[in-house]
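In what follows, a single structure is set out as structure tokens and then discussed.
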Number of protein chains: 2
Amino acid sequence: MLQAALRSGAAHRRAVFEVFARHLPGGRRYGVVAGTGRVLDELDGFRFGEEELTYLRENQVVDDATLAFLADYRFSGNICGYREGDLYFPASPIMVVEGTFAEAVLLETIALSILNHDCAIASAASRMANAAGARPLIEMGSRRTHERAAVAAARAAYIAGFASTSNLMAGRLYGVPTAGTAAHAFTLLHDSERAAFEAQIATLGPETTLLVDTYDVAEAVRTAVELAGPKLGAVRIDSGDLAAAAQEVREQLDSLGAFNTRILVTSDLDEYAIAALAAAPVDGYGVGTSLVTGSGVPTAALVYKLVARETATGKLEPVAKRSVGKPSRGGRKDAYRLMDEAGHADTELITTGGVAPEGGIPLLHELVRDGVVVGREPVSAARARHAQAVATLPQDALHLGRGYAAIPTEFA
Amino acid sequence: MLQAALRSGAAHRRAVFEVFARHLPGGRRYGVVAGTGRVLDELDGFRFGEEELTYLRENQVVDDATLAFLADYRFSGNICGYREGDLYFPASPIMVVEGTFAEAVLLETIALSILNHDCAIASAASRMANAAGARPLIEMGSRRTHERAAVAAARAAYIAGFASTSNLMAGRLYGVPTAGTAAHAFTLLHDSERAAFEAQIATLGPETTLLVDTYDVAEAVRTAVELAGPKLGAVRIDSGDLAAAAQEVREQLDSLGAFNTRILVTSDLDEYAIAALAAAPVDGYGVGTSLVTGSGVPTAALVYKLVARETATGKLEPVAKRSVGKPSRGGRKDAYRLMDEAGHADTELITTGGVAPEGGIPLLHELVRDGVVVGREPVSAARARHAQAVATLPQDALHLGRGYAAIPTEFA
């Protein structure tokens, strides 16, 4: 594409690409914007180095003119987008990339890869956080997804309401709080469960979390409180009927005077399992597989479409394909969220006219100006924004069942 | 865990960890081993550098003794495993890691992350390859998954039978053949579809693949053959009823004398959609989303479990947890595939006794000896092995419906 467009000359035409979702897969009620900060991080280093150019040359992937273009490549255009942590709905233009066709088209894969992954994880995480209410969620899914995706998943989950992650690289790179517990291997390594608990308490203190389901839960809880005393921080249950087990363990802990010892549950939890445990005496959830795989929706169905391009006469003109079932809507857009009198989100308004609706909250913000990143912000800001945004949704948007988008998208 | 085990002294006990799947998720009939080579690549660089140590120290994640251990960390143990491209079944010990507890437990996350991702993708890809038969599959899913997972997915898909990938980094890093087509944006960029086709043919020749569904398929095909002549390489259809569209386009191409112009179809294909197109005049498939998300099974459910450890008296002893519904099977294992008289796979035999069954094919091969990687091989070897392994399966193992493992796992 790039080579042909360079040769035809069209590569240098001004172009506007838009990232949006035609629908919210899995019957989700809203999407969560995540990954924007990672796109900006990647953009800074998005260059073609010697290794890449040598590969392309030696394998004759592109011609010399294209190689020369790539050697000098750096994005010099503008990007605006929804802020990270905000919500999105069908057709919301969550990122708008403007530059020459050549420089903007090269960003398609990196922008979509990051946004499709991170938005999918954050959208699942937000549902889990809604289901968990005030109880904290620990992200523990690193072992169930690609090693780098794991770090991004921990970041996205934190934005969408998780309290912490067991992924230390996410702690180091993004400041996500970290937490963890022992595995069964730690207990099995020692000559007895008692010896394992003693070793853990000796180094981490009685406030630690002990894993109690390696052999017999009741016996493990008895040993745990005997060794750590009533100041034992928490116990983790990772198998069985979690609601029943939590109830039994709570009664046992209370009978042993360990009233403040918390109960953490893990074991293939998703938002439905978390909701089903709402009445159980559970103090926190560790979530792995279903978080990092988007709980049934591992990718956000976001696309990157050309919506306007310069004509031969230098005018920016809307364009749209007409493919059956997959049409696109031409023209550069603005987006606003309209609120009702009670302060709840009411409508996602997409405009092409450039006139801002009265009282509408503008959703597009400047991220990159003339190739320079201007929209960077800490992950904590995205996390705070998400909590605020979810609070503006109508109550029924938080139901876990499949449904339509929580608010309608309208075009003006 | 590490800190407590270092303090209790148990960290230095010899330990054996095993990677296996308790079941094949999604009713799959067999799993495909992929990622082994990536685990070996990562192992070479698996160190804790200044940045990591500073983070751990400043955030008081671990104590000084643990920091000192991590600063000197390098794996010095042994790893054996199934070879990449081979098949696996429930309980198959696809990787066995032996070292001190401390050095082996640190590999859990990286080993599982890689294997859970890559095996999931390869297992889905193998089903798609079976469904496609002799027709080539192009991997085109980079935009639908995490940016690094995309590269690993292209590698896994190639091992499991895909012909090529649109991910150029997979080409550069792993030698996967690359292929690609133009996007709708390329057509929209130009003043007309004709101008776009002319530009593409001018630089890539008539053997290129033209995308024909941006506006009107029949008109696009007419224009394409008019411009490229009957030597036009291929057309791509990306929307609509693909079987019907392929039939119409085939008839049109033939009527225009373009008998050898191939038809490539794309548009949310999975193994079922591919199978449903078997009777349609399709010459190749481009597969994206469903490949990189494991076609409904985004993670392989592999676990990393301690199966043996040194006792206080220096003896290696089997260990197993007894958690409800998630028991493990203690002891270091060997694995063999037993074949029937016709040369078909018959039984996956897992032994702990050390005696090889007569005629059984040994499945565990040495990968790392005393910390040094000895089992590296080119991706092409894994690809060839997979083709051979699939050919040994009983015919019904290739059915796409949900079912049990294609051959039983037995323990001796």
Sequence-distant residues sharing a close amide H with A:Thr165 (under 5 Å, placed H): A:Glu139, A:Thr178, A:Ala179
Antiparallel bridges, percent of DSSP beta bridges restricted to chain B (to nearest 5): 65 percent
Sites B:Ala381 and B:Asp254, calculated FRET efficiency, Cβ-Cβ separation with R0 41 Å, nearest 0.05: 0.50
Most positive-pole-ward Cα, A:Ala91, A:Phe101, A:Gly26, against dipole of chain A from beta carbon charges: A:Phe101
Net dipole in debye of the protein assembly as shown [+1 Lys, Arg Cβ; -1 Asp, Glu Cβ; about Cα centre; nearest 20]: 220 debye
Dipole moment magnitude, nearest 20 debye, the range B:1-103 about Cα centre, only Lys, Arg, Asp, Glu C-beta charged: 640 debye
At q = 0.10 Å⁻¹, base-10 log of I(q)/I(0) for the range A:31-163 (Debye sum, equal scatterers on each alpha carbon): -0.43
Dipole moment magnitude, nearest 20 debye, the range B:274-410 about Cα centre, only Lys, Arg, Asp, Glu C-beta charged: 780 debye
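Of all trypsin sites (Lys or Arg not before Pro) in the range A:51-87, which ones are in loop regions per DSSP and have a Cβ with at most 12 other Cβ atoms within 10 Å?
On the way: sites: A:Arg57, A:Arg74, A:Arg83; in loops: A:Arg74, A:Arg83.
When the trypsin sites (Lys or Arg not before Pro) of the range A:51-87 are filtered for loop state and at most 12 Cβ neighbours within 10 Å, A:Arg74 remain.
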Amide N of the range A:376-412 lying under 14 Å from the label point, which is placed 7 angstrom from the Cα of A:Leu338 along Cα→Cβ: A:407-412
Relative contact order of the range B:181-282, defined on C-alpha pairs under 8 angstrom at six or more residues apart (%): 24 percent
Principal axis box of the protein assembly as shown, alpha-carbon based, largest edge first, Å: 82, 75, 45
Loop-resident sites, the range A:174-270, for chymotrypsin sites (Phe, Trp or Tyr not before Pro), counting at most 14 other Cβ within 10 Å (DSSP): A:Phe259
Computed over chain B, Cα set: Rg, Dmax in Å: 25.1, 83
Trypsin sites (Lys or Arg not before Pro) restricted to the range B:138-237 and DSSP loop, no more than 15 other C-beta within 10 Å: B:Lys231
For A:Ala195, inter-copy label distances in nm, listed shortest first [label point 7 Å out on the Cα-Cβ vector]: 7.9
Alpha-carbon Debye profile of the range A:303-376, log10 I(q)/I(0) at 0.16, 0.21, 0.23 Å⁻¹: -0.83, -1.09, -1.12
Amide H partners (placed H, <5 Å) of B:Ala335, local residues excluded: B:Thr351, B:Leu363, B:Leu364
Of A:Gly205, A:Tyr158, A:Pro177, farthest towards positive along the dipole that unit charges on Lys, Arg, Asp, Glu beta carbons give the range A:119-214: A:Tyr158
Dipole axis of the range A:181-282 (+1 Lys, Arg; -1 Asp, Glu on Cβ), positive-most option in A:Thr266, A:Gln252, A:Ala218: A:Gln252
Ratio Rg/Rh [Cα only; Rh per Kirkwood] for the range B:1-101: 1.07
Sequence-distant residues sharing a close amide H with B:Arg262 (under 5 Å, placed H): B:Ala234, B:Val235
Of all DSSP beta bridges in the protein assembly as shown, antiparallel share, percent nearest 5: 65 percent
Projected label distance in nm at A:Glu207 and A:Asp346, using a 7 Å step from Cα toward the beta-carbon: 4.8 nm
Residue-averaged 222 nm ellipticity for chain A, from DSSP H runs of 4+ at -39500 (n - 2.57), nearest 500: -10500 deg cm²/dmol
Per-copy distances of the A:Tyr404 label point, shortest first, in nm (7 angstrom along Cα→Cβ): 4.6
Value of D in µm² per second that Stokes-Einstein yields for the range A:181-282, Kirkwood Rh from Cα pairs, at 4 °C (1.567 mPa s): 96 µm²/s
FRET efficiency, B:Glu42 to A:Thr313 (Cβ-Cβ, R0 41 Å, nearest 0.05): 0.15
The range A:4-78, relative contact order [Cα under 8 Å, separation at least 6], %: 27 percent
Nearest-first distances (nm) between copies at B:Glu42, label 7 Å from Cα via Cβ: 1.9
Calculated log₁₀ intensity ratio I(q)/I(0) where the Debye formula runs over C-alpha points of the range A:270-412, q = 0.13 Å⁻¹: -0.91
Kirkwood Rh, Cα atoms: Rg over Rh of the range A:103-228: 1.11
Residue-normalised accessible area of the range A:181-282, expressed per residue, 1.4 Å probe, Å²: 38 Å²
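Considering Cα pairs under 8 angstrom that are at least six residues apart, work out the relative contact order of chain B and quote it in whole percent.
24 percent
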Karplus-derived HN-Hα couplings along the range A:4-21 (A = 6.51, B = -1.76, C = 1.60, θ = phi - 60°), whole Hz, x at Gly and Pro: 5, 6, 5, 6, 7, x, 5, 4, 8, 5, 5, 9, 10, 10, 10, 9, 7, 10
Whole-number Å³ per residue for the convex hull built on Cα positions in the range A:328-367: 86 Å³
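The values are calculated or read from the model by the stated rules, or taken from the named source; none is laboratory data. Predicted model, so just to flag it, every value in this text is computed and none were measured. All Cβ positions, glycine included, derive from the backbone under ideal geometry; neighbour counts span all protein chains shown. Surface areas here come from the heavy atoms of the whole protein model, side chains and all, with no ligands, DNA or RNA. Shrake-Rupley method; radii C 1.70, N 1.55, O 1.52, S 1.80 Å.
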